[in-house]
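Encoded as structure tokens, the structure appears first; notes follow it.
Each value in this text was obtained by applying a stated rule to the coordinates, not by laboratory testing. What you see is a predicted model, and the numbers here were worked out from it, not measured in a lab. Because the Cβ atoms are built from the backbone with ideal geometry, glycine has one as well, and the counts that use them run over all protein chains shown.
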Amino acid sequence: MNNNLFWNLVLKDLRLYRIMIGVAVAAGMMALTLLPQGSIAFFVGSSLALCALIILLITLVQMAVIGERKSQTHYFMLSLPITGRQYVFAKIVAMAFAFFVPWLLIGGGALLLISLGPVKGFIPFAVTVLMYFPLYFACVIAAAVARKAEAWSMGVIVFFNIAINMFIPGLLRIPSVATTANGPVAIWTPELLLVLAIEIVTATAVLVFALWSQGKKTEYL
């Protein structure tokens, strides 16, 4: 692997994403200021913070994969001394940096604010909801790089945007979660740990499969 060229491609993409990253972080941080202001403000602020992450992820996929595919920029990139698999890996690494830095900042800020409040029992639930996003990221990136049809990526995005509206209430319907979420102590129930394990294992497996599948292709992106 041409390491210098690889990281130059990653940095090139990150420079393109810098405005999106800044806007997402700013919007997320502004939303977090609502969290300590009461239950309704907490709901509004947390919803806006999650929306900032969702919009960032959709915009990244549109620009990084679908946009380059439409403009055929990737054909020029593949004329450089780098393999197609390395090029796709560079795209994924850049998107991971661009998404997970805001995810960590916004998510970490939310958890810090919750930990400073009286309802620390909400922390395990919040972490489980935040871990929904690595799974979302993995699936939409896998669909974008594995399939040339834009409909695949859009289908995954629509599915996850709808699913989160069932995922969050579904977690709160678990008796052990409903009992402990409003408590003064963070309690990691077996049900939440199981959901977390499924999220982490599935996200990892999907990303590994996406990278592995690139070795079977003769055309990239």
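What the table shows:
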quantity: Residues V185 and Q62, FRET efficiency given R0 of 35 Å [Cβ-Cβ distance, rounded to 0.05]; calculated: 0.25
quantity: Stretch gain in nm, segment S176-R85, where the contour uses 0.36 nm per residue and the Cα spacing is subtracted; calculated: 28.3 nm
quantity: Net dipole in debye of the chain [+1 Lys, Arg Cβ; -1 Asp, Glu Cβ; about Cα centre; nearest 20]; calculated: 460 debye
quantity: Of L53, L34, L194, the one that fluctuates the most in a GNM where the chain has Cα springs shorter than 10 Å; calculated: L194
quantity: Fewest-first sequence of I19, I123, I198 by Cβ atoms within 10 Å of each Cβ; calculated: I19, I198, I123
quantity: Linear extension gain, V93 paired with S115, 0.36 nm per residue minus alpha-carbon span; calculated: 4.8 nm
quantity: Per-residue Cβ neighbour rank within 10 angstrom, fewest leading, W7, W103; calculated: W7, W103
quantity: Per-residue ³J(HN,Hα) for the stretch 171-182, Karplus 6.51 cos²θ - 1.76 cosθ + 1.60, θ = phi - 60°, Hz, x for Gly and Pro; calculated: 4, 6, 7, 5, x, 5, 6, 4, 6, 9, 4, 9
quantity: Over the chain, volume per residue of the alpha carbon convex hull, in Å³; calculated: 118 Å³
